[in-house]
Amino acid sequence: MKNVLKRIIFGPKEKEKYWWINVLVPIIAILLALVVGAIFIKLTGRSPIVAYKLLFGTSGLLPGPYWKDHFAEMLLSTSMFVATGLSFAIAAKAGLFFIGAEGDFLVGGITATYFGYAKPFANMPTFIHLTIIFIFVIIMGGIWGAIAGYLKVKKGIHEVISTIMLNWIAVYLIEDWLVIGPMKANVKTGISGTPYVSNTARLPIILHGTRLNISIIIMIIVTYLIWFLLYRTTFGYEIRAMGYTLIYGMEAPKAGGVDIDKRMIQVTFLAGAVAALGGAFIVLGILFQYPPVFGGGYGFDGITVALIGQNEPLGIFLASMFIGGLRTGAAAVQLAHIPKTFPSIIEGITVAFIALQELIRYWLMKAATAKKKSYVKIQGGADE
Amino acid sequence: MKALEVKNIVKQFPNVLANDHISLSIEKGEIFAVVGENGAGKSTLMKIIYGLYTPTSGEIYVFGKKVKIETPEDAIRLKIGMVHQEFMLIPRFTVTENIVLGDEPHRGMIFDYKRAVKEVRELSERFGLKVDPTDKVANIPVGIQQRVEILKILRRGAEILIFDEPTAVLTPEETEDLFKALRRLKAEGKTIIFISHKLKEVMTIADRIAVLRRGKLQGVVEKEKTNEVELARMMVGRNVVLEIPHVEAKIGKTVLSVRDLTVKNKRGIIGLKGVSFDVHSGEIVGIAGVEGNGQAELVNALIGFTRPVKGKIELDGKEIKLLTPYNLRTKGMVYIPEDRKRRGIVLPFRVRENIIMGQHTLYPFSKNGILNDSEINKFATKKLEEFDIRPRNIHVRGGNLSGGNQQKLILAREMSIEHKFLLASQPTRGLDIGAMEFVYKKLVEEKKKGIGVLLISLELSEIMGLSDRILVLYNGEIVGETTPDKTNEEELGLMMLGLKRQERVLQ
């Protein structure tokens with residue numbers, strides 16, 4: 001019974017000969033980025049050791065003074081990066097370059113705001129209220145994402161074009177109309193932006209004394225569900241087949257009876273819905289309203305996260321923790337007289353090294369086969 | 001004098017040992033053939049010599065000197081040239097422009113086209129490779145395009161010329177011409193390495209023949225001291241009879257009925273014009289024709305890739321109104337594609353994943369949309385055994401299988417789906433004898449089981465050997481219907497070229 005359960009939950013073990021290369025690539029990219037970052041700091045005459053001590057000491061990734069606070073903040077932003085990272089990765093698995101997470105994030109945020117303060121819902125118990133909010137967030141974000149899929153299927157519009165345009169449409173629709181128009185807070189209250197969401201719509205805190213809320217638990221579950229969807233279901237099987245055959249016009253899965261068009265729309269719905277969760281988290285867990293000007297950027301950070309995480313759900317979760325940690329520790333580096341935007345440089349260089357991953361893989365493969373030269377000879381008579 | 005010598009070449013790919021300690025030595029001025037089944041390691045070996053792959057271990061000597069060839073540029077510098085199976089020509093350029101590209105004669109900054117033309121003309125005369133230097137490559141036949149490729153590498157001073165299955169794209173006449181050119185090059189003292197799996201050609205042209213099997217060198221033989229039968233035995237490790245056993249057709253009811261089917265091709269031009277025919281259970285209907293006469297359009301319509309302009313398709317007596325791949329598949333059609341890499345398998349997918357494509361939504365492979373891995377693995381293991389797919393490892397990626405094994409994988413998959421009609425579109429394209437024989441055997445088995453088979457093939461021998469009825473496709477129309485015992489290859493050839501037409505009456 002235990003074994004059966006294990007198989008259903010985790011699936012069978014597949015031995016990949018050089019599986020560790022996939023794990024090492026992002027780690028090496030990050031280490032290289034840290035080295036290059038250190039060189040930059042050194043060149044400006046400051047101490048990289050002090051800077052990194054401050055950065056990681058307050059990032060929440062490593063134990064240290066006030067760890068509880070940093071840890072909570074790190075996980076708080078992690079959950080949002082996971083949302084937008086998974087959004088990009090799901091679509092990437094199906095061969096789509098979906099960069100609409102930014103817009104979906106905002107749509108998720110405004111949807112959560114509305115259902116958070118709107119009257120009929122405001123007096124319900126927290127659990128029911130949040131459930132309703134999240135259902136609408138998923139539907140609205142999903143629809144916003146699926147527009148891109150629909151346009152691609154019906155009109156042949158490339159998803160990069162449509163998602164970029166949808167991002168801007170979302171920004172202007174929300175910030176230039178909803179927030180200052182229909183959803184504006186009553187002037188007498190003196191609040192700019194939308195009204196605050198009711199107390200029942202705020203995400204329950206799970207770590208006392210901090211802001212850390214259930215969003216991280218939700219994202220752990222979602223990460224697992226996405227992994228399950230990708231690798232354990234026929235849906236995931238089909239979309240992976242689509243992504244793998246992108247250069248061949250997806251003909252192999254099409255010939256196998258896969259309804260490419262339908263899957264494409266479903267994938268963009270899913271990508272939009274997951275990204276929208278992130279928007280809901282920032283509203284329901286941090287801001288509690290939709291401000292007149294929204295910081296944003298989480299959608300595009302999602303691409304960074306997905307790249308570092310190699311489009312794998314677990315990898316994205318870990319990459320999100322890393323980026324979340326960098327952002328949390330960013331303020332502290334100012335103590336070493338380094339601007340707080342410095343961690344963004346590290347992110348950027350990491351992505352640059354990820355872009356060079358074929359080279360890193362080549363080195364690793366060479367190292368691996370050099371070590372195993374004798375092994376090849378023994379194996380000599382292997383079959384084709 | 002030895003032109004080229006390789007010693008103990010080993011090339012290890014993930015999961016595949018493509019070359020296993022291969023040592024060859026090739027004399028200057030000989031035509032040296034390398035034969036072997038698909039996946040035997042011929043192309044890998046040549047790519048190593050040409051610098052496209054680096055060997056895992058081993059040494060290469062060119063004209064007695066030990067060399068390291070890491071890029072094609074190194075190879076060219078060592079006077080090694082390669083004519084690839086797919087030509088690397090620019091269609092909009094003229095013959096001359098293509099030949100001099102990358103090393104153009106110039107006067108100052110300006111490209112000296114006149115001198116280039118003169119150079120090409122001289123080169124072409126010297127080696128007896130006739131081309132018109134001012135023709136656009138897009139307008140000349142494949143055989144001439146190949147000559148342009150050869151001239152291109154000769155101009156770079158190639159002494160050792162590698163030909164990777166050069167006859168695969170040629171007509172018999174063009175092949176004759178190529179052989180004449182090769183003999184001439186030999187007389188000029190060039191060394192020629194000729195890769196092929198067509199034994200007849202090898203016996204005509206080669207001086208010595210090396211046989212590879214599964215990455216290992218089986219031996220080098222002189223042409224005079226061998227024959228096709230022996231070579232075939234060395235290649236596949238047993239006697240191969242390419243005789244197709246004749247099985248009497250037990251014709252049953254109609255499984256596929258096509259009426260007045262008109263289909264546009266990719267460029268929006270009508271490529272198939274009002275074609276009507278039937279396929280009955282228990283028979284193989286062959287469609288003969290030169291490539292590009294409507295086969296692709298017919299296939300695309302039958303598998304639901306392109307919507308026909310008009311006409312109807314009936315499967316098992318029921319008209320299929322909505323022609324989508326899914327609908328056709330669930331109504332009893334299976335399909336062996338002409339391009340396995342493109343349409344047959346998902347290259348990065350493992351064998352176990354590839355083998356359920358098309359039936360992955362069915363029980364027991366999945367239930368409520370969740371895959372059942374142990375059932376999939378059980379099924380895959382069984383099919384690997386049943387269809388002799390090597391290696392016997394369900395976790396190997398589809399792209400790491402050899403061509404023949406990829407095709408077997410497709411056969412295993414398609415034939416295990418419940419079906420009444422099998423569409424086999426060039427099922428032996430690019431396969432070696434062993435794999436071809438396997439495909440033939442399986443098609444005949446299908447026929448015996450009472451499946452209706454539509455076989456589209458460019459190989460006349462295949463059509464003649466397997467079909468119970470033959471339809472000839474020319475210029476998008478069926479120009480004749482006959483049976484193998486009422487016709488011969490010559491007559492079919494005439495019909496295929498549109499020189500002979502037969503009136504046919506559909507019952």
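The strands (runs of 3 or more DSSP E) falling completely within the range B:9-92 that include 3 or more residues that are closer than 23 Å to B:Arg213 by Cβ and touching a Ser or Thr at 6+ places or on another chain (Cβ under 7 Å) map to B:16-27.
Looking only at residues that are farther than 12 Å from B:Leu217 by Cα and either among the polar types (S, T, N, Q) or more than 13 Å from every other protein chain (Cβ to nearest Cβ) (or both) in the range B:7-24, which one is most open to solvent (accessible area, probe 1.4 Å)?
Filtering the range B:7-24 for residues farther than 12 Å from B:Leu217 by Cα gives B:11-17.
Then drop every residue that is not either among the polar types (S, T, N, Q) or more than 13 Å from every other protein chain (Cβ to nearest Cβ) (or both), which leaves B:12, B:15.
Values: B:Gln12: 39, B:Asn15: 70 Å².
This residue is B:Asn15.
Residues that are free of Cβ contacts under 8 Å to residues at least 40 places away in the same chain and assigned to a helix (DSSP H, G or I) within the range A:336-347 comprise just one, A:Ser344.
Can you spot a residue in the range A:279-299 that is more than 14 Å from every other protein chain (Cβ to nearest Cβ), touching a Phe, Trp or Tyr at 6+ places or on another chain (Cβ under 7 Å), among the hydrophobic types (A, V, I, L, M, F, W, C) and buried (at least 23 other Cβ atoms within 10 Å of the Cβ)?
So in the range A:279-299, the residues more than 14 Å from every other protein chain (Cβ to nearest Cβ) come out as A:279-299.
Imposing the further condition that a residue be touching a Phe, Trp or Tyr at 6+ places or on another chain (Cβ under 7 Å) reduces the set to A:279-280, A:283, A:288-289, A:298-299.
If we keep only those that are among the hydrophobic types (A, V, I, L, M, F, W, C) as well, we get A:280, A:283, A:288.
Subsequent filtering for residues that are buried (at least 23 other Cβ atoms within 10 Å of the Cβ) retains A:280, A:283.
Looking through the range A:279-299, at least one residue is more than 14 Å from every other protein chain (Cβ to nearest Cβ), touching a Phe, Trp or Tyr at 6+ places or on another chain (Cβ under 7 Å), among the hydrophobic types (A, V, I, L, M, F, W, C) and buried (at least 23 other Cβ atoms within 10 Å of the Cβ).
Scanning the range B:43-73 for residues that are surrounded by 15 or more Cβ atoms within 10 Å (Cβ to Cβ), within 16 Å of B:Ile160 (Cβ to Cβ) and out of contact with any Pro (no Cβ under 7 Å at 6 or more places or on another chain) yields B:Leu45, B:Met46, B:Lys47, B:Ile49, B:Ile60, B:Tyr61, B:Val62, B:Phe63, B:Val67, B:Ile69, B:Pro72.
Determine if the range B:113-121 includes at least one residue that is open to solvent by less than 70 Å² (accessible area, probe 1.4 Å) and free of Cβ contacts under 8 Å to residues at least 24 places away in the same chain. Spell out the reasoning first.
Going residue by residue through the range B:113-121, those that are open to solvent by less than 70 Å² (accessible area, probe 1.4 Å) are B:116-117, B:119-120.
Pick out the ones that are also free of Cβ contacts under 8 Å to residues at least 24 places away in the same chain and you get B:116-117.
Looking for residues that are open to solvent by less than 70 Å² (accessible area, probe 1.4 Å) and free of Cβ contacts under 8 Å to residues at least 24 places away in the same chain, one finds at least one in the range B:113-121, hence yes.
Checked against (1) free of Cβ contacts under 8 Å to residues at least 24 places away in the same chain; (2) buried (at least 19 other Cβ atoms within 10 Å of the Cβ); (3) not in a helix (DSSP H, G or I), B:Lys130 passes all but a single condition, namely (2).
Of all the numbered requirements in (1) exposed (fewer than 15 other Cβ atoms within 10 Å of the Cβ); (2) farther than 15 Å from A:Arg240 by Cβ, B:Lys383 misses one, and that requirement is (1). Of all residues in the range B:74-83, those being more than 25 Å from B:Gln145 (Cβ to Cβ) and open to solvent by less than 50 Å² (accessible area, probe 1.4 Å) number 2.
Give the residue, chosen from B:Lys190, B:Lys198, B:Lys186, B:Lys225, that is modelled with pLDDT under 80 and outside the structural domain of B:Leu323 (by TED's automatic domain parsing). Give the steps one after another, and end with the answer.
Details: B:Lys190 fails: modelled with pLDDT under 80; B:Lys186 fails: modelled with pLDDT under 80; B:Lys225 fails: modelled with pLDDT under 80.
Just one listed residue meets the conditions, B:Lys198.
Checking each residue in the range A:25-58 for being part of a helix (DSSP H, G or I) and among the small types (Gly, Ala, Ser) picks out A:Ala29, A:Ala33, A:Gly37, A:Ala38, A:Ala51, A:Gly57.
Out of all the residues in the range B:340-367, which are assigned to a loop (DSSP other than H, G, I, E, B) and at the interface with another protein chain (Cβ under 9 Å from one of its Cβ atoms)? Passing the criteria: B:Ile345, B:Val346, B:Leu347, B:Pro348, B:Phe349, B:Ile356, B:Met357, B:Gly358, B:Gln359, B:His360, B:Thr361, B:Phe365. The condition of being out of contact with any Lys or Arg (no Cβ under 9 Å at 6 or more places or on another chain) and of a type outside the set (Lys, Arg) holds for only one of A:Ala72, A:Ala51, that being A:Ala51. Sub-7 Å Cβ pairs linking a first residue in the range B:76-96 that is under 14 Å from B:Ile162 (Cβ atoms) to a second residue that is of a type in the set (Ser, Thr, Tyr) and part of a loop (DSSP other than H, G, I, E, B), at least 6 apart or interchain, are B:Ile80/B:Tyr50; B:Met82/B:Tyr50, ordered by first then second residue. Number of residues in the range B:447-481 that are open to solvent by less than 10 Å² (accessible area, probe 1.4 Å), out of contact with any Phe, Trp or Tyr (no Cβ under 9 Å at 6 or more places or on another chain) and among the small types (Gly, Ala, Ser) equals 3. Among the criteria (1) among the hydroxyl-bearing types (Ser, Thr, Tyr); (2) open to solvent by 30 Å² or more (accessible area, probe 1.4 Å); (3) under 19 Å from B:Gly143 (Cβ atoms), the one B:Thr94 does not fulfil is (2). Taken across the range A:98-115, residues that are open to solvent by 10 Å² or more (accessible area, probe 1.4 Å) and under 23 Å from A:Gly236 (Cβ atoms) do occur, with at least one present. Checking each residue in the range A:244-272 for being open to solvent by less than 20 Å² (accessible area, probe 1.4 Å) and more than 8 Å from chain B (Cβ to nearest Cβ) picks out A:Met250, A:Ile260, A:Met264, A:Val267, A:Thr268, A:Ala271, A:Gly272. The one condition from (1) over 20 Å from B:Lys198 (Cβ atoms); (2) in contact with a Phe, Trp or Tyr (Cβ under 6 Å, 6 or more places away or on another chain) that B:Arg156 does not meet is (2). Looking across A:Leu307, A:Leu314, one residue alone is within 16 Å of the chain's Cα centre (by Cα), farther than 21 Å from A:Ser215 by Cα and in contact (Cβ under 8 Å) with a residue 40 or more places away in the chain. It is A:Leu307. Condition check: touching a residue at least 40 places away in the same chain (Cβ under 8 Å) and open to solvent by 30 Å² or more (accessible area, probe 1.4 Å). Does B:Glu230 satisfy that? Answer is no for this residue.
Residue-wise test of (1) among the charged types (D, E, K, R); (2) over 31 Å from the mean Cα position of the chain (by Cα).
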| site | (1), (2) |
| --- | --- |
| B:Lys79 | yes, no |
| B:Glu104 | yes, yes |
| B:Glu125 | yes, yes |
| B:Lys136 | yes, no |
| B:Gln145 | no, no |
| B:Leu154 | no, no |
| B:Ile160 | no, no |
| B:Phe163 | no, no |
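One line per residue, one yes/no per condition, for (1) without any contact (Cβ under 8 Å) to a residue 40 or more places away in the chain; (2) buried (at least 20 other Cβ atoms within 10 Å of the Cβ); (3) closer than 30 Å to B:Gly292 by Cβ:
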{"position": "B:Glu176", "(1), (2), (3)": "yes, no, yes"}
{"position": "B:Ala187", "(1), (2), (3)": "yes, no, no"}
{"position": "B:Lys198", "(1), (2), (3)": "yes, no, yes"}
{"position": "B:Ala206", "(1), (2), (3)": "no, yes, no"}
{"position": "B:Leu212", "(1), (2), (3)": "no, yes, no"}
{"position": "B:Lys223", "(1), (2), (3)": "yes, no, no"}
{"position": "B:Val255", "(1), (2), (3)": "no, yes, yes"}
{"position": "B:Lys264", "(1), (2), (3)": "no, no, yes"}
{"position": "B:Val275", "(1), (2), (3)": "no, yes, yes"}
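The values are calculated or read from the model by the stated rules, or taken from the named source; none is laboratory data. All values reported here derive from a predicted model rather than from experimental measurement. Positions of Cβ are backbone-derived with ideal geometry, glycine not excepted, and every protein chain shown enters the neighbour counts. Only protein heavy atoms, including side chains, enter the accessible area calculation; ligands, DNA and RNA are left aside. Shrake-Rupley method; radii C 1.70, N 1.55, O 1.52, S 1.80 Å.
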